[in-house]
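Step one of this worksheet: look at the structure below.
Only the coordinates and a few stated rules stand behind these numbers; no lab work does. Bear in mind the structure is a predicted one, so any value in this text is a computation, not a measurement. Using ideal geometry, Cβ is built from the backbone for each residue, glycine included, and neighbour counts are taken over all protein chains shown.
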Amino acid sequence: MSNLTKLSAVEMREGILKKDFSAVELTRHHLERANSLNAKLNSFITICEKDALAQAEATDALVAKGNAAMPPLLGVPVSIKDMLVTEGIETTCASKILKGFIPPYECTAVRKLREAGAIIIGKTNLDEFAMGSSTENSAYGPTKNPWDESRVPGGSSGGSAVSVAAGQSAISLGTDTGGSIRQPASFTGVIGIKPTYGRVSRYGAVAYASSLDQIGPFARTIEDTALALQTISGKDHQDSTSLAEKVPNFLKDLRACKGNGLKDIRIGVPKEYFIKGVDAEIETAIRSAVKALESLGARIVEISLPHTEYALAAYYIIAPAEASSNLSRYDGVRYGLRSGNGQDLSQMYEHTRSEGFGTEVRRRILTGTYVLSAGYYDAYYRKAQQVRTLIINDFRKAFADACDVILTPVAPTTAFKIGENVSNPLQMYLGDIFSITANLAGLPGISVPCGLTKDNLPTSFQLLGAPLEEGLLLRVAQEYLDANPFNTTQFAG
Ligand code: GLN
């Protein structure tokens, strides 16, 4: 990695303003890394070379004029999960069915990044329609983990995580419906935050499971995470579920409390998240992170979230149910692919959808349609919604009675081998056990790197907060990482 691609976004902006390097130079370094590593890592579906350089030139012209107030992400190279629509740039969701689809409008979060001065390097690889936990379910081939290329980077936002870990962008936007930001962040040793449901507008995020989906950033430092999050947050009249609450200046708040320790913080450790099946090395790493937080002044309390064991089943009913409805729009008429096979309209639909969707997406549509069908709705979908309420109540009670934040593993394993879980979807689903509860309850969650295993693979812990408590999560994560730094770029030397 060149030194320019190791800098934080905050440092990049400062470097451009001080004229240590130009935005064009910075962009070129990132494009060069995006291109040269893509053959190996396959983190990008589209690289926006021409657009990025044109934006960088405009940035340098702005800096040369020197009189305007400079935006917060001035010249910062970012990447975007190919699940977020980008005006004029192909958006595939890693599916054959969207091949060639050029969106006529821009996702709100992407627009906000651009307006803040960021430069889009490209669109990153993912599991098709964000369904998966390994980035293996992509029509564009799997993404590889830069720490060990025989392993997955996690998913579904695997390309985003890798682009940040490998210095192809300083920040990336992903989506998280059931862990798709936090789990790949933990598999690649970067930071990833899923905001509170409604904190960030979902306008222009292709819908997977609308009651669970949230957009959030990946970054290599907590300050960059804070900056990206405050940039994309806020009410948007295009998404009626976006929240009107004032967006804090997360970065300023972080700086104001830096070094103050955690004396006023109670950290809940739920016993239901330390179960059989969690890798011993992960458990050890997490236990020592808990000790480290305690030595920063935090009070550790054991808590119980008694309905955790039903979360996975509820998620794998609710998410496919919503997906089966959301994905009905891909009919061969309105977007992308249209099959030439079939004699009439309904056969055209059938062929387009059978040829266009991959195995996992078809499995979800079938499951979702089944659980919503008359006769099964009460037994599955309604029950799952009732379980969801119980899970929400578990968290409410914990935050009301016992703790300010909750600490858990992100996933039961570190990055697994490519191919290891593909033939066993249930095994793949089980890996989501600790990440899906935050989506079911709409809570914010952050993945924080906390060490390397014997095999030199990153491992992380997860912090969960009450609704709109992202600032607290960032603060605890910052205090931890300041005292226990994790070098996100060490794999590449
Ligand atoms: N792995 C989960 C799934 O396959 C979560 C994916 C996500 O958060 N988009 O549904």
Relative contact order of segment 353-493: what whole-number percent is it, with Cα pairs under 8 angstrom and at least 6 residues apart? 21 percent
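What pairs in Lys50/Lys194; Lys40/Lys123; Lys81/Lys383; Lys276/Lys454; Lys258/Lys454 have C-alpha atoms more than 25 Å from each other? Walk me through the numbers on the way to the answer.
Working: Lys50/Lys194 31 Å; Lys40/Lys123 16 Å; Lys81/Lys383 33 Å; Lys276/Lys454 20 Å; Lys258/Lys454 32 Å.
Pairs exceeding 25 Å: Lys50/Lys194; Lys81/Lys383; Lys258/Lys454.
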What is the distance in Å between the Cα centres of segment 309-347 and segment 76-94? 21 Å
Taking Cα pairs under 8 Å and at least six residues apart, what relative contact order does the chain come out at, in percent? 17 percent
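For n ≥ 4 DSSP H runs only, could you compute -39500 (n - 2.57) per run for the chain, divide by its residues and tell me the 222 nm figure to the nearest 500? Don't skip to the answer; put the middle values down first.
On the way: 16 runs with 190 residues, N = 493.
When only DSSP H runs of four or more count, the value is -12000 deg cm²/dmol.
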Please state the relative contact order of segment 147-293 as a whole percent: Cα pairs under 8 Å, 6+ residues apart? 18 percent
Part-to-part distance (alpha-carbon centres) for segment 371-401 and segment 24-60, which is given in Å: 44 Å
Compute the distance in nm between two label points, each set 7 Å from the Cα along the Cα-to-Cβ direction, one at Ser354 and one at Glu245. 4.8 nm
What does the charge add up to near Lys144, with Lys and Arg as +1, Asp and Glu as -1, over the other residues with Cβ less than 9 Å from its Cβ? 0
Under a cut-off of 20 Å between alpha-carbon atoms, report the lysines in cross-link reach of Lys19, not counting same-chain residues fewer than 8 places apart. Lys6, Lys65
Under 18 Å from the Cα of Lys271, which lysines turn up, not counting those fewer than eight places away in the same chain? Lys291, Lys397
